[in-house]
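The values are calculated or read from the model by the stated rules, or taken from the named source; none is laboratory data. All of these numbers come straight from a predicted model, not from anything done at the bench. All Cβ positions, even for glycine, are placed from backbone atoms using ideal geometry, and neighbour counts span all protein chains on display.
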Amino acid sequence: MKVGIVYHPIYLKHDPGPHPESPRRLEAIIFHLEQTGLKQQLTPIEPRPATIDEIAMVHHRQHISHIQEISLRGGGWLDPDTIMSADSYEAALYAAGGLIEATAAVINGEVNSAFALVRPPGHHAIFQRAMGFCLFNNIAIAARYALTRYERVLIIDFDVHHGNGTQEAFYDNPQAVYISTHQFPHYPGTGSVEEIGTGAAKGTTVNIPLPAGSGDPEYRQAFTRIVVPVARRFKPQLILVSAGYDPHWADELAMMEVSTTGFARMVKTIRKLADELCDGRLVLTLEGGYDLTALATSVKATFDVLLGKTRIEDPLGKSRCRRSAPDIAPLMQKIREIHNLL
């Protein structure tokens, strides 16, 4: 079982200063993978900068030039949430290019699956705008690349925030199904159950807007009742995952109750779908996750699942102050009705 890892020090040079999306996130992950001996069990995949043409598969060229110009000026704020440093443009090119290389390695059979530990993250970036800590939409760019080889690509996004940029990129494209579990209402405000795609792609956007306080049992329901049947109906040739670990109960940027063990279960379900539907072809990319311990242990748990290990280490355990569990049965039923899963 060969599992690829994408990492490069360039990702640390995107340095927004005192900001939740800081280089310390990747430093904590890599330190934990090395300390536990897991990193040496992985197959390195060398990233490269994405070309302008590759970025332009998803973004307006004027947006690309704007990001480059801001970096050349030494960086600056793009909106109240998103800031750049002098090296952010180069890091963003390597983030998109690193995920493309991970996708290529899986498609070409060099590895069975891969996880791109890249930053800046990407799923909020839209056609002409950076937002939500994201400059270029890495996973949308990788999906566009994959669609030059395949006819059907599934994107699963379990970040706590809705991937509005990814949804926008494929809202009218029937070749890609986008499924998102996210806290709702929450930033960026999109991702209602009524957002299902348009034209020939109607029904290919599947939003699962979970209420605050949702934890492992609620996510298990969402995957069992929605994600799995949608994936089986679509029969993808490749699965891409926006892996955001900010639904963890220890993360202060949201109000969810997922544990590291819960993330491992989600990834195990996705891996089983990949094995069943597309010869195991599975690529993940890092999105959110801002509590460093929760992030590092959850990323390791993800790699453990990809490597086929059954023992998952969860040093933080379950939340010790969980609110009463929300009843999501009516929501699950509504989504199943909208998407004809009955």
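Return yes when P120 is part of a loop (DSSP other than H, G, I, E, B) and over 28 Å from P9 (Cα atoms) and no when it is not.
no
Scan the stretch 60-94 for residues that are under 22 Å from P9 (Cα atoms), part of a strand (DSSP E or B) and not β-branched (V, I, T) and jot them down.
G75, G76, M84, S85, listed by residue number.
Cβ-Cβ below 6 Å, separation at least six or inter-chain, first residue in the stretch 269-288 and crowded, with 24+ Cβ neighbours inside 10 Å, second of a type in the set (S, T, N, Q): which pairs?
L282/S113; V283/T103; T285/N138; E287/S242
Contact list please: Cβ distance under 8 Å, first residue in the stretch 190-214 and free of Cβ contacts under 8 Å to residues at least 12 places away in the same chain, second residue crowded, with 17+ Cβ neighbours inside 10 Å and assigned to a loop (DSSP other than H, G, I, E, B), pairs at least six apart or on different chains.
K202/I196
Given the conditions (1) surrounded by 18 or more Cβ atoms within 10 Å (Cβ to Cβ); (2) under 14 Å from F136 (Cα atoms); (3) over 22 Å from the mean Cα position of the chain (by Cα), which single one is not true for I64?
Against the list (1) surrounded by 18 or more Cβ atoms within 10 Å (Cβ to Cβ); (2) under 14 Å from F136 (Cα atoms); (3) over 22 Å from the mean Cα position of the chain (by Cα), I64 comes up short only on (3).
Please state which of the following conditions A169 fails to meet, knowing it meets all the rest: (1) among the hydrophobic types (A, V, I, L, M, F, W, C); (2) surrounded by 24 or more Cβ atoms within 10 Å (Cβ to Cβ); (3) touching a Pro at 6+ places or on another chain (Cβ under 9 Å).
(3)
Would you tally the residues in the stretch 252-290 being among the acidic types (D, E), more than 21 Å from T103 (Cβ to Cβ) and modelled with pLDDT of 95 or more?
Residues flagged as among the acidic types (D, E), more than 21 Å from T103 (Cβ to Cβ) and modelled with pLDDT of 95 or more within the stretch 252-290 amount to 1.
Go through the stretch 144-159 and report how many residues are in a helix (DSSP H, G or I) and either aromatic (F, W, Y) or over 23 Å from A56 (Cβ atoms) (or both).
Qualifying residue count, the stretch 144-159: 1.
Is it true that G317 is farther than 15 Å from V267 by Cα and in contact (Cβ under 8 Å) with a residue 24 or more places away in the chain?
yes
So G215 clears everything in (1) more than 30 Å from L26 (Cα to Cα); (2) crowded, with 22+ Cβ neighbours inside 10 Å except one condition, right? Which one?
G215 satisfies all of (1) more than 30 Å from L26 (Cα to Cα); (2) crowded, with 22+ Cβ neighbours inside 10 Å except (1).
What number of residues within the stretch 14-53 are assigned to a loop (DSSP other than H, G, I, E, B), in contact with a strand residue (DSSP E or B) (Cβ under 9 Å, 6 or more places away or on another chain) and under 26 Å from N112 (Cα atoms)?
Of the residues in the stretch 14-53, 3 are assigned to a loop (DSSP other than H, G, I, E, B), in contact with a strand residue (DSSP E or B) (Cβ under 9 Å, 6 or more places away or on another chain) and under 26 Å from N112 (Cα atoms).
Would you pick out the residues in the stretch 1-45 that are farther than 28 Å from I83 by Cβ and not aliphatic (A, V, I, L, M)?
K2, G4, E34, Q35, T36, G37, K39, Q40, Q41, T43, P44 - these are the residues of the stretch 1-45 that are farther than 28 Å from I83 by Cβ and not aliphatic (A, V, I, L, M).
Considering (1) buried (at least 18 other Cβ atoms within 10 Å of the Cβ); (2) assigned to a helix (DSSP H, G or I); (3) aliphatic (A, V, I, L, M), say which one M57 fails and leave the rest.
M57 satisfies every listed condition except (2).
Among (1) of a type in the set (S, T, N, Q); (2) part of a loop (DSSP other than H, G, I, E, B); (3) free of Cβ contacts under 8 Å to residues at least 60 places away in the same chain; (4) under 24 Å from G203 (Cα atoms), which single condition is T310 missing?
Among (1) of a type in the set (S, T, N, Q); (2) part of a loop (DSSP other than H, G, I, E, B); (3) free of Cβ contacts under 8 Å to residues at least 60 places away in the same chain; (4) under 24 Å from G203 (Cα atoms), T310 violates only (4).
When the stretch 1-43 is examined, which residues are found to be farther than 30 Å from I70 by Cα and surrounded by 13 or more Cβ atoms within 10 Å (Cβ to Cβ)?
K2, V3, G4, F31, H32, L33, T36, L38, K39, Q41, L42, T43
Restricting the stretch 136-148 to residues that are in contact with a strand residue (DSSP E or B) (Cβ under 7 Å, 6 or more places away or on another chain) and crowded, with 24+ Cβ neighbours inside 10 Å, which is farthest from E90 (Cα to Cα)?
The selected residue is A146.
Find the residue count for the stretch 291-315, including only residues that are at pLDDT 95 or above, of a type in the set (S, T, N, Q) and surrounded by fewer than 23 Cβ atoms within 10 Å (Cβ to Cβ).
Total satisfying the criteria: 1.
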